[in-house]
């Protein structure tokens, strides 16, 4: 019997869709919910565990009560045991750490957790590099290398272990940034330790490549191409350093981890929330374009740090109106791995799959594959 430990941070990433950059900090989760944000980490965990349903007779899930694991395990029909109780009205980082202690006491085979970099830090504080873990990506910030590339990929890794296939363990960095500084546009990342993860490179993401693009001439060419093609449509500008350079060339303020909207080369909305963005684009008289980039080292175009670009927003804009911008250096760093669309909507992910054009310079585009989560 495979003993799977499961911890879900129920508020992970809840601030993403309402431009709060995450869930860390006193009162942030409450503020996000007041703004209409909906917690999605249990849905992400469900996507991972659904891969394991054919093996339910071989798995017992050891977990925490309510929406820290119990509800999802029960909904999917798994055999489960609750080994830790938390206050159902409000969960904390300490609850995660206490749950880790309780799970390790059960001699589990793997600790599976859903959250973001803050959750990874909580787990690392108790586990260190002494026990195998795997993260289901559910937060806004996923810089750490302990996460699978998608929720389904996490399920595939556990499937390999349950079916006794050879899985190598490796050590991966736990990284996080200061959200309070990030909300002010300052990126300050820090390494908090290492944890052991199953080293299936198809399914486990790299640590996010950080830093400013070094080749400014190429970035200038990319920005010139986009600006030259701008007409009177509404332009939604996604997060990232490459899109930030575009905004700099336009002489406009930019939200590094956020979504801005421009029209006629003027900023009309900054750090916009998902509901605000949806209302704006559905009322646009002259059409809408979306300009996004990929996360260096990982390849995600949706599902990392841009939760404002929800499935309904992406559908309203349309695939044909999406412009991806990136340097060839950034693309080559993917080592032929496809871009990943992880919107949380499986049908939309499939619609986005296939080859998409990436602007890599002035009048210079390449075709590159986009894949839905495995």
For residue 313, which of the numbered conditions (1) crowded, with 22+ Cβ neighbours inside 10 Å; (2) touching a strand residue (DSSP E or B) at 6+ places or on another chain (Cβ under 6 Å); (3) farther than 27 Å from residue 204 by Cβ fails to hold? (2)
List, please: which pairs have Cβ atoms under 7 Å, are six or more places apart or on different chains, and start with a residue in segment 344-370 that is farther than 17 Å from residue 293 by Cα and end with one that is surrounded by fewer than 17 Cβ atoms within 10 Å (Cβ to Cβ)? 344/43; 344/311; 345/311; 348/311; 348/315; 351/319
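List the strands (runs of 3 or more DSSP E) that sit entirely inside segment 320-374 and contain at least 1 residues that are at positive phi. Let's see the steps before the verdict.
Details: elements: 322-325, 339-341, 354-361, 364-371.
Here the list reads 354-361.
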Scanning segment 68-89 for residues that are more than 25 Å from residue 1 (Cβ to Cβ) and touching a residue at least 12 places away in the same chain (Cβ under 8 Å) gives 86, 88
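Can you tell me which residue among 180, 214 is part of a helix (DSSP H, G or I) and either at pLDDT below 85 or on the phi > 0 side of the Ramachandran plot (or both)? Show your work before the answer.
On the way: 214 fails: part of a helix (DSSP H, G or I).
Among 180, 214, only 180 is part of a helix (DSSP H, G or I) and either at pLDDT below 85 or on the phi > 0 side of the Ramachandran plot (or both).
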Suppose we keep only residues that are more than 22 Å from the chain's Cα centre (by Cα) and in a strand (DSSP E or B) within segment 55-73. Which one would you say is surrounded by the most Cβ atoms within 10 Å (Cβ to Cβ)? 63
Please verify whether segment 94-114 includes one or more residues that are assigned to a helix (DSSP H, G or I), under 21 Å from residue 346 (Cα atoms) and under 20 Å from the mean Cα position of the chain (by Cα). no
In segment 7-54, residues that are over 15 Å from the mean Cα position of the chain (by Cα), modelled with pLDDT of 70 or more and surrounded by fewer than 24 Cβ atoms within 10 Å (Cβ to Cβ) total 6
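Quick one: which residue in 153, 125 is more than 19 Å from residue 339 (Cα to Cα) and part of a helix (DSSP H, G or I)? Reasoning before the result, please.
Details: 153 fails: more than 19 Å from residue 339 (Cα to Cα).
The unique qualifying residue is 125.
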If you go through segment 156-170 one residue at a time, do you hit one that is crowded, with 23+ Cβ neighbours inside 10 Å, closer than 15 Å to residue 204 by Cα and touching a helix residue (DSSP H, G or I) at 6+ places or on another chain (Cβ under 8 Å)? yes
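Kindly indicate whether any position in segment 243-253 is assigned by TED's automatic domain parsing to the domain that holds residue 344, farther than 21 Å from residue 220 by Cα and either crowded, with 19+ Cβ neighbours inside 10 Å or touching a helix residue (DSSP H, G or I) at 6+ places or on another chain (Cβ under 9 Å) (or both). Write out each step before concluding.
In the first step, residues of segment 243-253 are kept if they are assigned by TED's automatic domain parsing to the domain that holds residue 344; the result is 243-253.
If we keep only those that are farther than 21 Å from residue 220 by Cα too, we end up with none.
No, there is no match, as no residue in segment 243-253 is assigned by TED's automatic domain parsing to the domain that holds residue 344, farther than 21 Å from residue 220 by Cα and either crowded, with 19+ Cβ neighbours inside 10 Å or touching a helix residue (DSSP H, G or I) at 6+ places or on another chain (Cβ under 9 Å) (or both).
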Hits in segment 231-245 - residues which are in contact with a strand residue (DSSP E or B) (Cβ under 8 Å, 6 or more places away or on another chain) and farther than 25 Å from residue 304 by Cα: 232, 233
Within segment 275-292, is even one residue out of contact with any helix residue (DSSP H, G or I) (no Cβ under 9 Å at 6 or more places or on another chain), closer than 24 Å to residue 344 by Cα and part of a loop (DSSP other than H, G, I, E, B)? no
From the set of residues in segment 126-145 that are out of contact with any strand residue (DSSP E or B) (no Cβ under 7 Å at 6 or more places or on another chain) and farther than 16 Å from residue 344 by Cα, which is modelled with the lowest pLDDT? 130
Would you mind telling me which numbered condition in (1) more than 24 Å from residue 116 (Cα to Cα); (2) buried (at least 22 other Cβ atoms within 10 Å of the Cβ) residue 276 fails? (2)
So is residue 199 touching a strand residue (DSSP E or B) at 6+ places or on another chain (Cβ under 9 Å), surrounded by fewer than 18 Cβ atoms within 10 Å (Cβ to Cβ), closer than 24 Å to residue 303 by Cβ and modelled with pLDDT under 90 or not? yes
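The values are calculated or read from the model by the stated rules, or taken from the named source; none is laboratory data. Remember, it's a predicted structure, so these values are computed and weren't measured experimentally. With ideal geometry, Cβ positions are generated from the backbone for all residues, glycine too; neighbour counts draw on all protein chains shown.
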